Amino acid sequence: MRLLALLLALVCVCCLPRAEAGHLPLVYHQVGGGGGVTLGLDVATLRRRVETLRAAGYLFVTSSEALRFPASARTASLRFDDGFESVYTLAFPVLRDLGVAGTVYPIWERVGQPGYLTAAQLEELRGAGWEVGSHTRTHAALVDLTPPSLTRELAWPAGAAPAGGCLAYPFYLQDARVRRHARAGYACAVAGTFGVSGEAHALPGPLASPWDDWLLPWRAPLGADLRVPALLAGAGLGALGSQDAPVAVPPLWNPAAHELLGSGAFSLSWEGGVRDTRFLWRQGGWVLGLNLLRGGASYSGGTLAYHVGGPLTVAGGYGSAGPLGAVALALGGYGEVWARALPGSLTLGAEVLPLDYLRVRAEYDVVTRLGRAEGSYALPLRPGEGRPLRATLGYDGTPYAGVALRVGAHTAALTTRLDRPAFGVRVQAVW
């Protein structure tokens, strides 16, 4: 635990608030509602926030224009996801009066449908200096798709592909496979609240809040990486509890994760008194991992993985079971296979997407001869919301089943043992 604490301290020192101003993106959807939140911004609040930031010295640019400015520049952008018609009827007149151009990210199959922008309105916005990006063809959860479906989902409609256009990932969900596809057709792409410093296809896209009237002038000047408090909170929460139980390692654990990872992830699960806490933080080709297990079995460990290039990722670390090493190989966009070695343990594993919306994870320890497997499928319900309901079946010595509900980039899951009364709960956030 001392080595782990030192590692966390070094990470936090490297990510202390910077002196530069940085770019401040404002993310909204519809316009004309009340409360000033992301799904329903009223026009008076929109005008007030633009004027507030201008008074603080911010220059308003479009999403892709922001990439051309140095990190020290005070720039801000207005982003409108989904392509609601209210962006044209309500936001456009106000911003035109203020001399500000925004960026709209339409869902292409909804263009021209009631309540959404038409092709003619998009052309008028573009002609007025707005940027028209893409929010994909159908608003599918991209991390659930195989490579052929990713290609179809990210394709620009005929005649719509601009030079240097940007992509907004639906639900902020992305991984290395998705980012590779995005690089092939887009100059930039917007990920979750945290994003990745210096990476054009994992830009931060923080949601608006009801408190932005006073919070906005502070968000960019602080320059703090908000993953730092998340990391510290995860470490503190996971470390709670006795460490006197026998040493074990978290199940279905790939220390060399890269292919199926976005900018980071945090998960916390409970079952039968066992608490499993995990935190992943990506910066370019590096991934910092934190793994903590408490209750019935105890493990504390930190890992550092590096994507060497092509399909290969390697990792090393140290924990309460001793030193560890791992290697992973990507499977051409369909997932990855991996091996994990600790004292007295050599585990082979895989996490693959053989079909759209189907994910299978498995591992087998060749020393102890213990294996685990889990398969989950996103049910064909509410496809425009990315199929948020997922069913799970698994085996880790006893069979279990579960259901998970995703809301944006956050997931809550409930599992039950099929041979005895036992329940588990898991919450997860990815970005």
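Being farther than 20 Å from Asp175 by Cα, outside any strand (DSSP E or B) and at pLDDT 95 or above is the filter here; which residues of the stretch 292-323 pass it? Once the filter is applied, which keeps residues that are farther than 20 Å from Asp175 by Cα, outside any strand (DSSP E or B) and at pLDDT 95 or above, the stretch 292-323 yields nothing. Filtering the stretch 165-187 to residues that are in contact with a helix residue (DSSP H, G or I) (Cβ under 6 Å, 6 or more places away or on another chain) and assigned to a strand (DSSP E or B) leaves only Leu167.
Of all the residues in the stretch 60-83, those that are assigned to a strand (DSSP E or B) and either in contact with a Phe, Trp or Tyr (Cβ under 8 Å, 6 or more places away or on another chain) or among the basic types (Lys, Arg) (or both) number 8.
If the condition is being among the aliphatic types (A, V, I, L, M), within 21 Å of Ser64 (Cα to Cα) and either without any contact (Cβ under 8 Å) to a residue 24 or more places away in the chain or part of a loop (DSSP other than H, G, I, E, B) (or both), then the stretch 101-116 contributes Ala101, Ile107. For the condition in the same structural domain as Phe266 (by TED's automatic domain parsing) and in a loop (DSSP other than H, G, I, E, B), what is the one hit in Gly397, Gly375, Gly424, Gly384? Only one candidate passes the filter, namely Gly397. When the stretch 267-291 is filtered for residues that are assigned to a strand (DSSP E or B), more than 18 Å from Val430 (Cα to Cα) and touching a residue at least 24 places away in the same chain (Cβ under 8 Å), the ones remaining, listed by number, are Trp270, Glu271, Arg275. Comparison of Val132, Val50, Val94, Val43 shows that the only residue that is touching a residue at least 12 places away in the same chain (Cβ under 8 Å) and within 23 Å of Pro162 (Cβ to Cβ) is Val132. Of everything in the stretch 88-119 that is closer than 16 Å to Ala44 by Cβ and among the β-branched types (Val, Ile, Thr), the residue that is surrounded by the most Cβ atoms within 10 Å (Cβ to Cβ) is Val100. Please enumerate the residues belonging to the stretch 334-362 that are out of contact with any Lys or Arg (no Cβ under 8 Å at 6 or more places or on another chain), aromatic (Phe, Trp, Tyr) and crowded, with 18+ Cβ neighbours inside 10 Å. Trp338, the sole residue that qualifies. Against the numbered list (1) under 30 Å from Asp356 (Cα atoms); (2) surrounded by fewer than 17 Cβ atoms within 10 Å (Cβ to Cβ), Val327 comes up short only at (2).
Considering Tyr169, Tyr105, which residue is more than 16 Å from the chain's Cα centre (by Cα) and at pLDDT 95 or above? That would be Tyr105, the only listed residue that is more than 16 Å from the chain's Cα centre (by Cα) and at pLDDT 95 or above. Here's a check for you: in the stretch 162-181, which residue that is under 10 Å from Val143 (Cα atoms) and among the aliphatic types (A, V, I, L, M) is surrounded by the most Cβ atoms within 10 Å (Cβ to Cβ)? Ranking the candidates gives Val178 first. Of note, Val196 does not satisfy the criterion of being assigned to a helix (DSSP H, G or I), crowded, with 23+ Cβ neighbours inside 10 Å and in the same structural domain as Phe80 (by TED's automatic domain parsing). Among the conditions (1) at pLDDT below 90; (2) on the phi > 0 side of the Ramachandran plot, the only one that Asp82 does not satisfy is (1).
The values are calculated or read from the model by the stated rules, or taken from the named source; none is laboratory data. Quantities reported herein were computed from a predicted structural model and do not represent experimental measurements. Reconstructed Cβ throughout: ideal geometry from the backbone, glycine too, with neighbour counts over all protein chains shown.
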